[in-house]
Number of protein chains: 2
Amino acid sequence: MIYNRIKLLRTEKGLSRKELADAVGVNFQTIGYLERGDYNPSLELAFKLAEFFDVPITAAFSPRPFKSLAEHLAAE
Amino acid sequence: MIYNRIKLLRTEKGLSRKELADAVGVNFQTIGYLERGDYNPSLELAFKLAEFFDVPITAAFSPRPFKSLAEHLAAE
DNA sequence: TAAAAATGTTGTATATATACAACAAAATGA
DNA sequence: TCATTTTGTTGTATATATACAACATTTTTA
């Protein structure tokens, strides 16, 4: 299982699933599946998403759960 | 399409496909498919491979062709 | 509050990733 | 050189990722 921060990154940018989907060239429902954790993106889609948000791939995807934003901020 | 350096990383370590496959928990033929570029690994397998070789995922996989080892060394 | 947009759910269809088997060819090592 | 190991090839089977459609529910906005 792979954890991701797609929803967080997307909503922070004020984008709808459709807009994000168009930007990376997939169906808008595919974004929904990823956000809900129904399945993992392909490596190719993972790269496109990371590139779109301009973050390292490990910042968007991880085999281990991400710290919450709160934990992350507290740790500084 | 995603480029990878699996073969390079594996042979540098003196490992057979079978050994690498066992280490990351897939069939040895799957490693062959990846090395030949028949298909991309899942995101999960990509993470396992990068972790196994102890390199960032972008050092093992890239949406753009890697510089050859020679080019890479020359650039320093 | 009514209309529109976004999201969730269910279902079907297709493409791709992975497993596994059998066998041929090539490389390695005794 | 012979035996063993590794790699390549072909084929079949299964699981997962993605597309697409229809419709219900929730959220946003006029």
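Any read-out appearing in this document is the output of simple, stated calculations on the displayed coordinates, not a laboratory observation. Just so it is clear, the model here is predicted, and its values are computed rather than measured. When we count neighbours, we look across all protein chains shown, and the Cβ atoms used for this are built from the backbone with ideal geometry, even at glycine.
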Would you pick out the residues in the stretch B:19-76 that are within 15 Å of DNA strand C (Cβ to nearest atom) and assigned to a loop (DSSP other than H, G, I, E, B)? B:Gly25, B:Val26, B:Asn27, B:Gly37, B:Asp38, B:Tyr39, B:Asn40, B:Pro41, B:Pro63
Breaking point among (1) in contact (Cβ under 8 Å) with a residue 40 or more places away in the chain; (2) surrounded by 15 or more Cβ atoms within 10 Å (Cβ to Cβ), for A:Leu69: (2)
Conditions (1) within 14 Å of chain B (Cβ to nearest Cβ); (2) basic (Lys, Arg); (3) free of Cβ contacts under 8 Å to residues at least 24 places away in the same chain: number failed by A:Lys48: (3)
How do the pairs read when you match residues in the stretch A:1-14 that are more than 11 Å from chain B (Cβ to nearest Cβ) with residues anywhere that are assigned to a helix (DSSP H, G or I) and acidic (Asp, Glu), using Cβ under 6 Å and keeping only pairs 6 or more apart or on different chains? A:Ile6/A:Glu35; A:Lys7/A:Glu35
Note on the stretch B:31-45: residues within 14 Å of chain A (Cβ to nearest Cβ) and either within 18 Å of A:Phe47 (Cβ to Cβ) or in contact with a Lys or Arg (Cβ under 9 Å, 6 or more places away or on another chain) (or both) are B:Leu34, B:Gly37, B:Tyr39, B:Asn40, B:Pro41, B:Ser42, B:Leu43, B:Glu44, B:Leu45
Could you tell me how many of the residues in the stretch A:51-76 are within 10 Å of chain B (Cβ to nearest Cβ) and either closer than 15 Å to B:Ala46 by Cα or not charged (D, E, K, R) (or both)? 7
